[in-house]
Amino acid sequence: MYKNDVFNETTIMFLVYHMLVFTNWVSDPTRKYEMGWSMIFFTLLNIVVNLSGIVRQSVRAVYFKCKKKKTAKKEAGDVYKRTSELLASVNGVPSEAVPPQANALEVIKESSE
């Protein structure tokens, strides 16, 4: 965040220096016109840089949220698999006989029959 603050302060400094040109210190209207375009450029540059930072942070937040959700889903699947294997071994059913989609109640029903 520090770099962004320094950039914003520097941009404000450039814009204040540009405003000096619009006083009676510079009498040439063509020069004022050219400096006006330069002032517009620095203002737009500041807006683009700040918006890109906001977009970058939003994309990172969505990415990490999806990654966290994917990891949680995988961990839940691993827990489910270990539970099925444990139930199969306790009930005497070989773990190869338990289909991956079988839930704990199905394993218990099959072993009791």
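The values are calculated or read from the model by the stated rules, or taken from the named source; none is laboratory data. This structure is a prediction, so every number in the text was calculated from the model and none was measured. Note that we place each Cβ from the backbone using ideal geometry, even for glycine, and neighbour counts take in every protein chain shown.
Below, the figures for the structure above:
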item	result
First in the range 47-64 and aliphatic (A, V, I, L, M), second anywhere and surrounded by 10 or more Cβ atoms within 10 Å (Cβ to Cβ) and in a helix (DSSP H, G or I), Cβ under 7 Å, 6 or more apart	V49/F7
Some residue of the range 20-39 being among the small types (G, A, S) and modelled with pLDDT of 90 or more	yes
